[in-house]
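K.L.:
Got a structure for you, written out below as structure tokens; questions coming shortly.
The values are calculated or read from the model by the stated rules, or taken from the named source; none is laboratory data. Predicted model only: the values in this text are computed from it and were never measured. Here Cβ is always computed from backbone atoms with ideal geometry, including for glycine, and neighbour counts include all displayed protein chains. Only protein heavy atoms, including side chains, enter the accessible area calculation; ligands, DNA and RNA are left aside. Shrake-Rupley method; radii C 1.70, N 1.55, O 1.52, S 1.80 Å.
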Amino acid sequence: MTRTKKAEIKALLKRTFWQFADESDFDITPKLVRQFAQSQVHPDVIEATAINISGRGFWLRVEKLCLLTLHARKYI
């Protein structure tokens with residue numbers, strides 16, 4: 001994954017969840033995202049996006065979580 005794509009996903013994360021708005025890109029780590037997800041995201045969504053699994057494709061799963069959340073907000 002390129003740095004540009006990762007930066008785009010981190011920007012999407014900041015726009016989706018206000019808790020990340022004040023964080024710098026450097027401070028947004030997989031560990032921080034997982035801790036946030038465990039406390040703020042429904043367990044079914046965590047399971048569906050596999051956000052709790054580390055490894056390749058983590059940032060793509062974060063992007064999926066953000067897009068899923070934005071889509072769900074349209075209907076809430």
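K.L.:
Hey, can you find the accessible area per residue of the chain for me, probe 1.4 Å, expressed in square angstrom?
P.N.:
On a per-residue basis, the chain sits at 70 Å².
K.L.:
Let me spell out the model: positive unit charges on the Cβ of Lys and Arg, negative unit charges on the Cβ of Asp and Glu, origin at the Cα centre of the chain. What dipole size does that give, in debye rounded to 20?
P.N.:
The calculated dipole for the chain is roughly 240 debye.
K.L.:
Take Trp18, Trp59 and sort them by solvent-accessible surface of the protein heavy atoms, 1.4 Å probe, largest at the top.
P.N.:
Correct descending sequence by accessible area is Trp18, Trp59.
K.L.:
Now for a different question. Which FRET efficiency value, to the nearest 0.05, do you get for Arg15 and Phe36 by plugging their Cβ-Cβ distance into 1/(1 + (r/R0)^6) with R0 = 22 Å?
P.N.:
Using R0 = 22 Å, I get an efficiency of 0.90.
K.L.:
Please work out the FRET efficiency for the pair Asn52 and Ala7, using the Cβ-Cβ distance as r and a Förster radius of 30 Å; give the result to the nearest 0.05.
P.N.:
FRET efficiency, Asn52 to Ala7: 0.85.
K.L.:
Here is a follow-up. Estimate the FRET efficiency between Phe26 and Lys74 by the formula 1/(1 + (r/R0)^6), using the beta-carbon distance for r and 30 Å for R0, to the nearest 0.05.
P.N.:
Using R0 = 30 Å, I get an efficiency of 0.40.
K.L.:
Let me ask another. Would you be so kind as to identify which of Ile9, Pro30, Val45 lies farthest towards the positive end of the dipole of the chain, taking Lys and Arg as +1 and Asp and Glu as -1 on Cβ and the Cα centre as origin?
P.N.:
Highest projection toward the positive end goes to Ile9.
K.L.:
Near Gly55, within a Cβ-to-Cβ distance under 13 Å, what is the net charge of the other residues, with Lys and Arg +1 and Asp and Glu -1?
P.N.:
Charge balance in the 13 Å sphere: +3.
K.L.:
In the chain, what percent of the accessible surface is made up of carbon and sulfur (1.4 Å probe, ligands and nucleic acids excluded)?
P.N.:
Answer for the chain is 55 percent, counting heavy atoms of protein chains only.
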